1. Taking the number of other C-beta atoms within 10 Å as the exposure measure, put 118, 142 in order starting with the fewest.
2. Gap in Å between the Cα centre of region 214-270 and the Cα centre of region 70-91?
3. Which residues in region 226-240 have a backbone N closer than 20 Å to a point placed 7 Å from the Cα of residue 174 along the Cα-to-Cβ line?
4. Can you list residues whose amide H is under 5 Å from residue 186's amide H, if they're 5+ apart or on another chain and H is modeled 1.01 Å from N?
5. Ranked by Cβ crowding within 10 angstrom, fewest neighbours first, how are 98, 117 ordered?
6. Give the shape of region 154-235 as rounded, prolate or oblate, defined through the alpha-carbon gyration tensor: a ≥ b ≥ c are the square roots of its eigenvalues, a/c under 1.5 means rounded, and otherwise the shape is prolate if a/b is larger than b/c and oblate if not.
Amino acid sequence: MISFAIQPQAVFFATALTALLAGCGGGDSGASADGAGARLLASATRVGPIVPLAAVNLRSAGSFALLSKTGITNVYASVINGDVGASPITGAAIDLTCAEVASGKMYTVDAAGPLPCRISDANFLTTAVGDMEVAYVDAAGRVLPDFVDLGGGEIGGKTLAPGLYKWGTDVKISSDVTLSGGPSDVWIFQIAGGIQQASATRVTLSGGALAKNVFWQSAGAVSIGTTAHFEGVVLAKTMVAMNTGATINGRLLAQTAVTLQKNSVTQPAL
């Protein structure tokens, strides 16, 4: 059964209603495992002004579909719609052909790397990597999460409202998950572990939600399963691995390696 995460702006109303009912003997006073108010969907109502969650500013790192500090490996052929860069590792550590990056450029710190799409610009890459690290710290440092440890780390089968989500565990996507919201809504996922997406599953956006406004901050490794589809900006402290045939509408910004296996990566518009 699909479960829905309550709109974060309504949580305080639902929580107050729960307390009132509990005080009158009208309901269970225990907290839901899926976060405050999540079992009161029918009663939850948005009250008062809404303060939108601010997006993470990627700065120059937002120029890239793929950005890595230690290299990009690839099983031919992948399709990258956007720019690619690696720093401080040599450009020789980018295992992509120019044909695979037909709609973008490859930035390297030195004269190594494929031609004619290679552009040597160490200063730009140093700035971009620094901006990637700042964006990671920003996402990880957001406070007052709307949802804590939702689903015990399993979000498959759920429809998630905009908001700030926090887990002290890995996040698993064992079945399809939907992010439902408008074009100005923002999702930030703070994950103390890694992300494990099962094969042939999909992360889907609905209601006009945009991939550029979805941020997955992961302290552990990220694995996108075989033929799975992912949406959003991945800010990874370590590596991102896309398994065979997986696709993403988003960005892979990794502080170690990115590994590809016949994948499609499409960089969303800023």
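1. Going from sparsest to densest Cβ surroundings: 142, 118.
2. The two parts, judged by their Cα centres, are 12 Å apart.
3. Hits in region 226-240 for residue 174 at 20 Å: 226-230.
4. 53, 163
5. Working: 98 15, 117 19.
Least crowded to most crowded, the residues run 98, 117.
6. Values: a/c = 1.70, a/b = 1.22, b/c = 1.40.
Because a/c hits 1.5 or more and a/b fails to exceed b/c, region 154-235 counts as oblate.
None of the figures in this text is laboratory data; all of them are computed from the coordinates on show. Treat the numbers as computed from the prediction; the structure is a model and nothing was measured. Every residue, glycine as well, gets a Cβ built from its backbone with ideal geometry; the counts of neighbours run over all protein chains shown.
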